[in-house]
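What follows draws every value from the coordinates through simple rules; no lab data is involved. Worth saying up front: this structure is predicted, and the values here are computed from it rather than measured. Here Cβ is always computed from backbone atoms with ideal geometry, including for glycine, and neighbour counts include all displayed protein chains.
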Amino acid sequence: MTNYKPMLTLGYNLDAWNTYRAKIPVSVDISPSTNSHIIINGMSGSGKSYTELGYISKLFLAQPEGEVYFADYKGEDAFSFLRQCPRYWSFKNTLEALDIVYSRLNARLSGEDETRNQITLVWDEYMANVLALQGEDKDKKTNERLAPSVMNKVSEILLMGRSMGVRLVTSMQRPDAIAFSAGSRLNYGVVVVLGAYIRSIFEMLMPDHMEQIKGRQFGRGEGVVLLQGSELHFIKIPAVRDYERMKNLCIQALS
């Protein structure tokens, strides 16, 4: 078992699915030695929420000893069944989830915490959350401007989390640079773009692969995955057969 690598199936090869209905998985190594930070992008109706739930359940199955924290800024109905979970936060409380995960990272960096079970923060609508914070006053406890403080913590997790077993999964419509400190947006090892082709999103995240993507059309639950900045895949995320099981796995992951 020493060579075992936990894998996350991101979707199935889109062309094989469309042509043969063949389920050829597109997967990524999610062991602590790899960069498994994930950014999920796409406009409303692209299938982001469903994809997040699928990834949470699969992360739990692959790493049952891990801890998953969920920050649901908009309190989406798709996640309503998670609201009673102990590791779920919504609206302005999302920063509590960030602070917990950030503190765990620093405890590991300092040597205070020597554990390495995987810690994952899933943050839905991260971009909208940061934009809202940019209009708010300073934190009453720290006297820091909220948005820069949050962005710096996210940047540190992206830079230092891999070797410490701390992973960030963020979902948003557009990954504008205004919500990421000092180019930290480039530190995601897994980039997922779903739904209708929006040129500006691909230009932000996959500028070197525009020719490969050009002319492609994607529906709900279809899109592009870029692994470690170089390996491009077109994927299909089909509906799961047992939706209740997926929900139960998500509840277990956040409990």
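At a glance:
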quantity	calculated
For segment 1-132, size of Cβ-based charge dipole, Lys and Arg +1, Asp and Glu -1, in debye	340 debye
Ellipticity estimate at 222 nm from DSSP helix runs (n ≥ 4, -39,500 (n - 2.57)) divided over the chain, nearest 500	-10500 deg cm²/dmol
Cα-centre dipole for segment 115-255 with unit charges at Cβ (Lys and Arg positive, Asp and Glu negative), debye to 20	260 debye
Fewest-first ranking of Ser31, Ser57, Ser36, Ser200, using other Cβ atoms within 10 Å as the exposure measure	Ser200, Ser31, Ser57, Ser36
Kirkwood Rh (inverse of mean 1/r, distinct Cα pairs), the chain, angstrom	18.6 Å
Counted charge near Asp72, where neighbours are those whose Cβ lies closer than 14 Å (Asp, Glu -1; Lys, Arg +1)	-1
Label-point separation, Ser255 to Ala182 (7 Å along Cα→Cβ), nm	4.1 nm
Fewest-first sequence of Glu76, Glu52, Glu136 by Cβ atoms within 10 Å of each Cβ	Glu136, Glu76, Glu52
Selection from Leu254, Trp17, Met206, by position along the positive dipole direction of the chain (Cβ)	Trp17
Cα lying deepest toward the dipole's positive end in segment 7-253, options Ser163, Gly219, Trp123, charges on Cβ	Gly219
Listed residues Ala62, Ile237, Leu95: farthest to the positive end of the dipole of the chain (Cβ charges)	Ile237
Alpha-carbon centroid distance for the pair segment 163-218 / segment 51-94, whole angstrom	21 Å
Fraction of antiparallel bridges per DSSP, the chain only, in percent to nearest 5	45 percent
Lys, Arg +1 and Asp, Glu -1 on Cβ, resulting dipole of the chain about Cα centre, debye, nearest 20	420 debye
Residue order, fewest to most beta carbons within 10 Å, for Lys23, Lys236, Lys214, Lys247	Lys214, Lys23, Lys247, Lys236
Mean separation of Cα contacts under 8 Å, 6 or more apart, over the residue count of segment 157-255: relative contact order %	22 percent
Contour minus Cα-Cα distance for Arg21 and Met43 (0.36 nm per residue)	5.3 nm
Whether segment 1-62 is rounded, prolate or oblate, judged on the alpha carbon gyration tensor where a/c under 1.5 counts as rounded	oblate
Under 15 Å from the Cα of Lys48 - aspartates and glutamates, other chains or at least 8 residues apart	Asp72, Glu76, Asp77, Asp124, Glu125, Glu222
